[in-house]
Ligand SMILES: [Zn+2]
């Protein structure tokens, strides 16, 4: 009886105090069962588990949209952005006209204010969570995958997944998105323009399978999916939300099935991922400073890192560095490099 009452109180925090983030921070641990509430306009809200909320209009449009954030728990700006959208739906100021699944990914890391707890959750998808010793992050990644699988179950609908992040380091291009490898499918110009309308004007084309969340939705469900980097990490409450205004407005238009902002493509810049550098030795060192900004360009032949006896060098054209991290586990990615490319016949 007492536990039923407690669950009801938790539910009330969401539906009456209207704050998914506050509820999730107060109750980050797995819930025993889903809870639902219907809004006045017939929209069904289902709190599937902690930080996982499905929003289903009575007569949805043609799209199934997943918005995820906090796969890295300390990347607070996307969490606040997504929370503002959800709370606007709950209080009726934003009308949701598409099926929407919102996920706050790594809830325990959010509470701790850390990127992860035991590991990097964005290397645990496409079944990677099933390898090695189980832990809370692997169980959570499996749950996130399972709810996406359920959410995308109806064939023939448009599928989108925007996995929102902020980066640890400065970037010469503040906002950018990684477009997962999609063999046999052209890169979508419409999606690149959609992201430009979010203020994301740099796109990195990935050419290899990986264990990121966006690759999972792209590869297994044919979704238009992206890892979206929106700026730099700051603690809760210290984000300048004006820097995310165009992204929030574009996502609100998508959710509300309103006309989207498609800026001219000339402002977007597309890069090919060139090298994916995995760490092979404990003795791994970059030749550049720890805080070197993303998109710093290095000349052909430049020595980027020493990996034990191995040398990692720039190839025959200049390459720019993305996500350097010498402290990853052996076998994990320590660096990407990218080179500028053109919108060509690979796009449609
Ligand atoms: Zn991240």
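So the values come out like this:
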{"quantity": "Meets criteria (touching a helix residue (DSSP H, G or I) at 6+ places or on another chain (Cβ under 7 Å), within 19 Å of residue 30 (Cβ to Cβ), within 16 Å of the ligand (Cβ to nearest atom) and modelled with pLDDT under 95) for residue 137", "calculated": "no"}
{"quantity": "Condition broken by residue 67, with the remaining ones in (1) within 30 Å of residue 329 (Cα to Cα); (2) out of contact with any helix residue (DSSP H, G or I) (no Cβ under 8 Å at 6 or more places or on another chain) satisfied", "calculated": "(2)"}
{"quantity": "Unmet criterion (only one of (1) within 16 Å of the ligand (Cβ to nearest atom); (2) part of a loop (DSSP other than H, G, I, E, B); (3) modelled with pLDDT of 95 or more) for residue 119", "calculated": "(3)"}
{"quantity": "Residue under evaluation residue 243, criteria (1) touching a strand residue (DSSP E or B) at 6+ places or on another chain (Cβ under 7 Å); (2) farther than 16 Å from residue 69 by Cβ; (3) surrounded by fewer than 18 Cβ atoms within 10 Å (Cβ to Cβ), criterion not met", "calculated": "(2)"}
{"quantity": "Residues (closer than 13 Å to residue 262 by Cβ and outside any loop (DSSP other than H, G, I, E, B)) located in region 180-208", "calculated": "189, 190, 191, 192, 193, 194, 195, 196, 197"}
{"quantity": "Selected residue (only one of 85, 100, 94 is closer than 21 Å to residue 57 by Cα, part of a helix (DSSP H, G or I) and either touching a residue at least 60 places away in the same chain (Cβ under 8 Å) or in the same structural domain as residue 44 (by TED's automatic domain parsing) (or both))", "calculated": "85"}
{"quantity": "Region 299-322, residues that are in contact (Cβ under 8 Å) with a residue 24 or more places away in the chain, over 12 Å from residue 278 (Cβ atoms) and surrounded by 18 or more Cβ atoms within 10 Å (Cβ to Cβ)", "calculated": "304, 319, 320, 321, 322"}
{"quantity": "Filter pass, residue 211 being within 16 Å of the ligand (Cβ to nearest atom), assigned to a loop (DSSP other than H, G, I, E, B) and under 24 Å from residue 78 (Cα atoms)", "calculated": "yes"}
{"quantity": "Checking residue 230 against (1) away from the ligand (no atom under 15 Å from the Cβ); (2) closer than 26 Å to residue 54 by Cα; (3) outside any loop (DSSP other than H, G, I, E, B), the condition it does not meet", "calculated": "(1)"}
{"quantity": "The listed residue being over 22 Å from residue 40 (Cβ atoms) and in contact with a helix residue (DSSP H, G or I) (Cβ under 6 Å, 6 or more places away or on another chain), out of 107, 114", "calculated": "107"}
{"quantity": "Test: residue 160 is under 13 Å from the mean Cα position of the chain (by Cα), closer than 21 Å to residue 177 by Cβ and either within 16 Å of the ligand (Cβ to nearest atom) or part of a loop (DSSP other than H, G, I, E, B) (or both)", "calculated": "no"}
{"quantity": "Among (1) buried (at least 24 other Cβ atoms within 10 Å of the Cβ); (2) free of Cβ contacts under 8 Å to residues at least 24 places away in the same chain - the single one residue 118 does not satisfy", "calculated": "(1)"}
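The values are calculated or read from the model by the stated rules, or taken from the named source; none is laboratory data. This is a predicted model, so every value here is computed, not measured. Ideal geometry is used to build each Cβ from the backbone, glycine not excepted, and the neighbour counts take in all protein chains shown.
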